[in-house]
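Here the structure comes first, spelled out in structure tokens, and everything after it is commentary.
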Amino acid sequence: MAVSTKRLTGLSVLAMFAGASPAFAHHVMGGKLPETFMQGLLSGLGHPVIGLDHFGAIVGVGILAAIAGRSVGLVLVFSVALMAGVGVHLAKVDIPVSELLVGLSTLAIGALVIVRRSIGPAIAAALFAIAGLLHGYALGESIVGAEASPLIAYLLGLLVIQTLIGVAAFALASRVGAWRPVGLTVAGLLVVLLGGVSAAMAAGALV
């Protein structure tokens, strides 16, 4: 029981850790464009951690993959799609109301965690790819105009930290034992809250 409680706590903390203001999610370097490899790396490592909506989404993706009993490889679908989303932004392709869509996608992921509905691999991969693309597009704003070295470092850091978070969520969700229903509900509610707040703030900015 003690071990299960620790795992439950860890799962909840993963979702709650994203409680930082979404305004900081795209400004790891204090609003400045990364100029060196190290700055780019730190920026990439920091974005999914301090970004309320981004962190909640990747935690939810890891949990959903565990609920479905699928391979942790589904987490990589989200990560790779996120990289593609950054590329779309760098290519100057416009995705209207992207911040609102990011919040709504996070909310949807959290809702699926709450209902604990197992989804097929094809549907899961499609959902994660769409969500990853949207989140990557939003994160790409902070790196537009950067030189090649910090840009590559940013993408590397983003891919590494994001995958680690998703894999950690997958592992915890797979091992919460008797506390699994309670733990998943709490985590899902937190992800929904994070997505809802983000979507509400984005919608308010459009008014």
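The values are calculated or read from the model by the stated rules, or taken from the named source; none is laboratory data. These numbers were taken from a predicted model, which means no experiment stands behind them. Ideal geometry is used to build each Cβ from the backbone, glycine not excepted, and the neighbour counts take in all protein chains shown. Areas reflect the complete protein model, heavy atoms only, side chains present, ligands, DNA and RNA absent. Shrake-Rupley method; radii C 1.70, N 1.55, O 1.52, S 1.80 Å.
Those residues that are under 14 Å from the mean Cα position of the chain (by Cα) and either open to solvent by 10 Å² or more (accessible area, probe 1.4 Å) or within 27 Å of residue 185 (Cβ to Cβ) (or both), I need them from segment 85-112; list them, please.
Across segment 85-112, the qualifying residues are 99, 101, 102, 103, 104, 105, 106, 107, 108, 109, 110.
For (1) of a type in the set (Gly, Ala, Ser); (2) without any contact (Cβ under 8 Å) to a residue 40 or more places away in the chain, each residue gets a yes or a no:
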position	(1), (2)
166	yes, no
188	yes, no
191	no, no
202	yes, no
207	no, yes
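From 36, 106, grab the single residue that is at pLDDT 90 or above and in contact with a Pro (Cβ under 9 Å, 6 or more places away or on another chain).
Sole residue among the options that is at pLDDT 90 or above and in contact with a Pro (Cβ under 9 Å, 6 or more places away or on another chain): 36.
Output the number of residues of segment 173-183 satisfying the condition of being more than 19 Å from residue 107 (Cβ to Cβ) and open to solvent by less than 40 Å² (accessible area, probe 1.4 Å). Even if it seems obvious, please write down each step before you answer.
Taking segment 173-183 and keeping what is more than 19 Å from residue 107 (Cβ to Cβ), we get 174-183.
Keeping just the survivors that are open to solvent by less than 40 Å² (accessible area, probe 1.4 Å) gives 176, 183.
Residues in segment 173-183 being more than 19 Å from residue 107 (Cβ to Cβ) and open to solvent by less than 40 Å² (accessible area, probe 1.4 Å): 2 in total.
Scan segment 62-83 and tell me whether some residue there is at pLDDT 90 or above and within 25 Å of residue 206 (Cβ to Cβ).
Looking for residues that are at pLDDT 90 or above and within 25 Å of residue 206 (Cβ to Cβ), one finds at least one in segment 62-83, hence yes.
Tally time: how many residues in segment 126-166 are aliphatic (A, V, I, L, M) and either modelled with pLDDT under 90 or in contact with an Asp or Glu (Cβ under 7 Å, 6 or more places away or on another chain) (or both)?
Number satisfying all stated conditions: 5.
What pairs can you find where one residue is in segment 56-68 and within 20 Å of residue 198 (Cα to Cα), the other is in a loop (DSSP other than H, G, I, E, B) and among the small types (Gly, Ala, Ser), and their Cβ atoms are less than 7 Å apart, with a gap of 6+ or different chains?
56/18
So that you can scan it fast, the table gives a plain yes or no per residue for (1) under 29 Å from residue 87 (Cβ atoms); (2) among the polar types (S, T, N, Q); (3) crowded, with 19+ Cβ neighbours inside 10 Å:
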| residue | (1), (2), (3) |
| --- | --- |
| 144 | yes, no, no |
| 147 | yes, no, no |
| 156 | yes, no, no |
| 167 | yes, no, no |
| 185 | no, yes, no |
| 189 | no, no, no |
| 198 | yes, yes, yes |
| 201 | yes, no, no |
| 206 | yes, no, no |
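With respect to residue 77, is the statement that it is among the β-branched types (Val, Ile, Thr), part of a helix (DSSP H, G or I) and open to solvent by 10 Å² or more (accessible area, probe 1.4 Å) true? Explain how you work it out, then say what you get.
Details: among the β-branched types (Val, Ile, Thr): yes; part of a helix (DSSP H, G or I): yes; open to solvent by 10 Å² or more (accessible area, probe 1.4 Å): yes.
Yes; evaluated as a whole, the condition is true for this residue.
Return only the number of the condition from (1) open to solvent by 20 Å² or more (accessible area, probe 1.4 Å); (2) out of contact with any Ser or Thr (no Cβ under 8 Å at 6 or more places or on another chain); (3) modelled with pLDDT of 75 or more that residue 7 does not satisfy.
Tallying (1) open to solvent by 20 Å² or more (accessible area, probe 1.4 Å); (2) out of contact with any Ser or Thr (no Cβ under 8 Å at 6 or more places or on another chain); (3) modelled with pLDDT of 75 or more, residue 7 fails exactly one: (3).
For residues in segment 113-142 being of a type in the set (Val, Ile, Thr) and either buried (at least 24 other Cβ atoms within 10 Å of the Cβ) or under 15 Å from the mean Cα position of the chain (by Cα) (or both), which is farthest from residue 89 (Cα to Cα)?
Top of the filtered list is 113.
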